[in-house]
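Asks: Please read through the structure below; I'll follow up with questions.
The values are calculated or read from the model by the stated rules, or taken from the named source; none is laboratory data. Since the structure is predicted, the reported quantities are computational estimates derived from the model, not experimental observations. Glycine gets a Cβ as well: all are built from the backbone with ideal geometry, and neighbour counts include every protein chain shown. Quick note on the areas: whole protein, heavy atoms, side chains included, nothing else; ligands and nucleic acids left out. Shrake-Rupley method; radii C 1.70, N 1.55, O 1.52, S 1.80 Å.
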Amino acid sequence: MTATTFPDAAAQIIAAGRWLDSKGWAPATAGNYSMRLADGSFAITVSGWHKGRLTEDGVMTVDADGRSLDGKKPSAETALHMALYARFPDVNAVLHSHSPEAVGMSRAYADAPAYTLAGHEMLKVLPGFTTHDAAFDLPIVDNSQDMADIIGALAPAMLAESPPPAYLIRGHGLYGWGRDMAEAERVIEGVEWMVAAELAEARFRESMR
């Protein structure tokens, strides 16, 4: 469901920031969150705010090109949000988390274009998955200060017949999205959990050698 008012979207973004901070996935001023508004604009976090301490002043509005509509400064990664909204008309919320596990995994697999998550019960929280007996290729793209580089690198995955609901920026963090904030939160939490489970399995296997 699309947020109908800025105050409604701001309240959901503030709550998401506190939740992500409680998980340890929003350190310092890291992360950015947004929602599509009914009038065609977007609510997004203001640059430089600690996401666990957001107030309505820490949320602003931008147009479809990411330009500020209220004089506040949006995140440098606003273009990544706008690219997702333009590509997926049914997406109404985007979240960006920074867990040490996901960031560490993306750095460890320095040349991998994706990481496959397979056989996890948690796959069923992702849109379109109904069984654990499946696999999900989580795209990993290199970080860049130029958002156009990241958007371009993601184009093959985003234009695929079955596009992913999340991707990793190497050494930076996870983007996940959904039809509403609740779905975006499920995607983020599900992928973060599966990454952490994969790392825990690797540690157990190493300890048994």
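Asks: Could you count how many residues in the stretch 73-112 are over 20 Å from residue 44 (Cα atoms) and of a type outside the set (Lys, Arg)? Talk me through it step by step, then tell me what you get.
Replies: Pass one, the stretch 73-112, residues over 20 Å from residue 44 (Cα atoms): 99-112.
Pick out the ones that are also of a type outside the set (Lys, Arg) and you get 99-106, 108-112.
Here the count works out to 13.
Asks: If you don't mind, another one. Counting only residues that are of a type in the set (Gly, Ala, Ser) and more than 19 Å from residue 192 (Cα to Cα), which one in the stretch 1-24 is modelled with the lowest pLDDT? Don't jump to the end; show me each part of the working.
Replies: Step one: of the stretch 1-24, the residues of a type in the set (Gly, Ala, Ser) are 3, 9-11, 15-17, 22, 24.
Still in the list and also more than 19 Å from residue 192 (Cα to Cα): 3, 9-11.
Working: 3: 64, 9: 97, 10: 97, 11: 97.
That would be 3.
Asks: Just one of the numbered conditions (1) open to solvent by 10 Å² or more (accessible area, probe 1.4 Å); (2) under 17 Å from residue 150 (Cα atoms) is not true of residue 64; which one?
Replies: (2)
Asks: For the stretch 128-143, which residues satisfy the criterion of being out of contact with any Lys or Arg (no Cβ under 8 Å at 6 or more places or on another chain) and either on the phi > 0 side of the Ramachandran plot or touching a residue at least 24 places away in the same chain (Cβ under 8 Å) (or both)? Before the answer, list the steps.
Replies: Taking the stretch 128-143 and keeping what is out of contact with any Lys or Arg (no Cβ under 8 Å at 6 or more places or on another chain), we get 128-129, 133-139.
Within the stretch 128-143, 128, 136, 137, 138, 139 meet the criteria.
Asks: Restricting attention to the stretch 144-157, does a residue exist that is open to solvent by less than 30 Å² (accessible area, probe 1.4 Å), touching a residue at least 40 places away in the same chain (Cβ under 8 Å), farther than 14 Å from residue 113 by Cα and within 18 Å of the chain's Cα centre (by Cα)?
Replies: Yes, that holds for at least one residue.
Asks: A follow-up question, please. Test of understanding: among 70, 65, which residue is in contact with a strand residue (DSSP E or B) (Cβ under 6 Å, 6 or more places away or on another chain) and acidic (Asp, Glu)?
Replies: Numbers: 65 fails: in contact with a strand residue (DSSP E or B) (Cβ under 6 Å, 6 or more places away or on another chain).
Of 70, 65, the one residue that is in contact with a strand residue (DSSP E or B) (Cβ under 6 Å, 6 or more places away or on another chain) and acidic (Asp, Glu) is 70.
Residue-by-condition table, conditions (1) of a type outside the set (Ser, Thr, Tyr); (2) touching a residue at least 40 places away in the same chain (Cβ under 8 Å); (3) closer than 16 Å to residue 177 by Cα; (4) open to solvent by less than 50 Å² (accessible area, probe 1.4 Å):
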| residue | (1), (2), (3), (4) |
| --- | --- |
| 69 | yes, no, no, no |
| 78 | no, yes, yes, yes |
| 81 | yes, yes, yes, yes |
| 84 | yes, yes, yes, yes |
| 88 | yes, yes, yes, yes |
| 92 | yes, yes, yes, yes |
| 102 | yes, yes, no, yes |
| 115 | no, yes, no, yes |
| 122 | yes, yes, no, no |
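Asks: Looking only at residues that are of a type in the set (A, V, I, L, M) and over 15 Å from residue 89 (Cα atoms) in the stretch 158-180, which one is surrounded by the fewest Cβ atoms within 10 Å (Cβ to Cβ)? I'd like the intermediate steps shown before the answer.
Replies: To start, the set of residues in the stretch 158-180 that are of a type in the set (A, V, I, L, M) comprises 158-160, 166, 168-169, 174.
Next, from what is left, pick out any that are over 15 Å from residue 89 (Cα atoms): 160, 166, 168-169, 174.
Details: 160: 11, 166: 23, 168: 25, 169: 24, 174: 27.
Going through the qualifying residues, I end up with 160.
Asks: Here's something else I'd like to know. Select from the stretch 22-61 the residues that are at negative phi, part of a loop (DSSP other than H, G, I, E, B), of a type in the set (A, V, I, L, M) and surrounded by fewer than 20 Cβ atoms within 10 Å (Cβ to Cβ) and list them in ascending order.
Replies: Initially, the stretch 22-61 is screened for residues at negative phi, giving 22-23, 25-27, 29-30, 32-39, 41-47, 49-61.
Filter once more, keeping what is part of a loop (DSSP other than H, G, I, E, B): 23, 25-27, 29-30, 32-33, 38-39, 41, 47, 49-50, 54-55.
When the remaining residues are screened for being of a type in the set (A, V, I, L, M), the result is 26, 30, 38, 54.
30, 38 - these are the residues of the stretch 22-61 that are at negative phi, part of a loop (DSSP other than H, G, I, E, B), of a type in the set (A, V, I, L, M) and surrounded by fewer than 20 Cβ atoms within 10 Å (Cβ to Cβ).
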